[in-house]
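Read the structure below first, then the notes.
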Amino acid sequence: VLSVFIPAALGQTGALAESRVALVIGNARYDNNKLKNARNDAELMARSLAGVGFEVLTVFDGNASEMRTAITEFGRQLKMPDTVALFYYAGHGVQADGENYLVPLAAGISDITEVALNSVALGDVLKTMARSESRMNIVILDACRDNPFSATTRAIAQGGLAPVVAPSGTLIGYATAPGQVARDGDGDNSPYSAALAANISIAGLSLEEVFRNARRRVIEATSGKQVPWEHSSLVGEFF
């Protein structure tokens with residue numbers, strides 16, 4: 001179900017110079033490979049982003065149709081040149097033939113050959129954002145949590161998501177390095193989403209500082225076993 005978080009009042013930070021629109025998707029209640037924290041992480045990120053002035057569209061435990069509808073609506077809201085767009089996904093993510101896919105609930109995937117037909121391609125999200133008039137696009141993927149085709153698993157092929165070259169004006173943040181597996185977390189949130197949310201709420205940090213600080217926190221929390229990674233083609237600044 002698509003819903004909207006209304007931005008919180010910014011108080012002393014003053015009026016924003018641009019519109020901020022985010023789409024946050026968290027999928028956890030898979031039939032056979034449930035995730036403990038994916039929905040918690042999406043809810044945490046939605047609150048954190050609303051708190052710094054984003055209008056946040058949310059989908060929790062969405063099927064393929066609900067995810068695609070939300071992505072379409074998200075794209076419609078990015079038609080202003082002063083908009084900063086942010087897409088966040090927590091849930092199972094897989095790579096197949098070098099492409100990355102976000103796995104909906106009730107996807108009915110029993111084999112890697114069915115991934116492209118029954119999942120949502122990350123490339124479609126990137127194209128939607130690239131074709132908009134937004135001045136900056138941010139993509140955050142906490143979706144490398146293990147192979148959903150094994151019994152214990154958040155990505156396919158025993159090794160996380162494939163690297164993606166960020167389109168112009170885009171930053172893509174991964175919970176861990178390409179080809180590696182991230183942790184779902186022992187508490188209520190994954191290490192990556194918890195670290196990002198903590199830094200998003202700190203006034204005055206640049207976008208790069210948010211990701212750099214989060215990386216340090218995740219490395220410390222996982223004893224160096226998980227190292228978040230970004231690919232950026234940004235030319236502007238964002239705080």
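The values are calculated or read from the model by the stated rules, or taken from the named source; none is laboratory data. Treat the numbers as computed from the prediction; the structure is a model and nothing was measured. Cβ placement follows ideal geometry from the backbone for every residue including glycine, while neighbour counts extend to all protein chains displayed. Accessible surface is based on the protein model in full, side chains and every heavy atom, while ligands, DNA and RNA are left aside. Shrake-Rupley method; radii C 1.70, N 1.55, O 1.52, S 1.80 Å.
Name the single residue, out of those in region 213-239 being small (Gly, Ala, Ser) and within 19 Å of the chain's Cα centre (by Cα), that is nearest to residue 175 (Cα to Cα). Even if it seems obvious, please write down each step before you answer.
Pass one, region 213-239, residues small (Gly, Ala, Ser): 214, 221, 223-224, 232-233, 236.
Narrowing the set further to residues that are within 19 Å of the chain's Cα centre (by Cα) leaves 214, 232-233.
Values: 214: 10, 232: 15, 233: 18 Å.
Taking the candidates together, the pick is 214.
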Given the conditions (1) modelled with pLDDT of 85 or more; (2) outside any helix (DSSP H, G or I), every one holds for residue 157 apart from (1)
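Sort out which residues of region 204-239 are assigned to a helix (DSSP H, G or I) and hydrophobic (A, V, I, L, M, F, W, C), and write them in order of number.
To start, the set of residues in region 204-239 that are assigned to a helix (DSSP H, G or I) comprises 207-221.
Selection gives 207, 210, 211, 214, 218, 219, 221.
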Could you please give the count of residues in region 49-63 that are open to solvent by 20 Å² or more (accessible area, probe 1.4 Å) and not in a loop (DSSP other than H, G, I, E, B)?
4
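Out of everything in region 181-201 that is among the hydrophobic types (A, V, I, L, M, F, W, C) and either touching a strand residue (DSSP E or B) at 6+ places or on another chain (Cβ under 9 Å) or modelled with pLDDT under 95 (or both), what residue ends up being farthest from residue 161 (Cα to Cα)? Reasoning before the result, please.
Filtering region 181-201 down to residues among the hydrophobic types (A, V, I, L, M, F, W, C) leaves 181-182, 194-198, 200.
Remaining after also requiring either touching a strand residue (DSSP E or B) at 6+ places or on another chain (Cβ under 9 Å) or modelled with pLDDT under 95 (or both): 181-182, 196.
Values: 181: 8, 182: 10, 196: 19 Å.
Among residues in region 181-201 that are among the hydrophobic types (A, V, I, L, M, F, W, C) and either touching a strand residue (DSSP E or B) at 6+ places or on another chain (Cβ under 9 Å) or modelled with pLDDT under 95 (or both), the one farthest from residue 161 (Cα to Cα) is 196.
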Please name all residue pairs, on different chains or six or more residues apart, with Cβ atoms under 9 Å, provided the first residue is in region 63-81 and is polar (S, T, N, Q) and the second residue is open to solvent by 80 Å² or more (accessible area, probe 1.4 Å).
63/106
Going by what's in this entry, would residue 109 be described as in a loop (DSSP other than H, G, I, E, B) and touching a Ser or Thr at 6+ places or on another chain (Cβ under 9 Å)?
yes
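Can you tell me which residue is most open to solvent (accessible area, probe 1.4 Å) among those in region 126-146 that are in a loop (DSSP other than H, G, I, E, B) and within 23 Å of residue 176 (Cα to Cα)?
Looking only at region 126-146, we keep the residues that are in a loop (DSSP other than H, G, I, E, B), and these are 131-135, 143-146.
With the extra rule that they be within 23 Å of residue 176 (Cα to Cα), the set shrinks to 143-146.
Working: 143: 0, 144: 1, 145: 5, 146: 46 Å².
So the residue we want is 146.
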Among (1) touching a Leu at 6+ places or on another chain (Cβ under 6 Å); (2) modelled with pLDDT under 90, where does residue 151 come up short?
(1)
Filter result (under 18 Å from the mean Cα position of the chain (by Cα), open to solvent by less than 20 Å² (accessible area, probe 1.4 Å) and not polar (S, T, N, Q)) within region 99-125:
102, 103, 104, 120, 122, 125
How many residues are open to solvent by 20 Å² or more (accessible area, probe 1.4 Å), among the β-branched types (Val, Ile, Thr) and either under 24 Å from residue 237 (Cβ atoms) or part of a strand (DSSP E or B) (or both) if we restrict to region 160-203?
4
Counting only residues in region 204-235 that are touching a Lys or Arg at 6+ places or on another chain (Cβ under 9 Å) and more than 25 Å from residue 85 (Cα to Cα), the one surrounded by the fewest Cβ atoms within 10 Å (Cβ to Cβ) is identified as 225
Residue under question is residue 175, and the condition is that it be touching a helix residue (DSSP H, G or I) at 6+ places or on another chain (Cβ under 7 Å) and modelled with pLDDT of 85 or more; does it hold?
yes
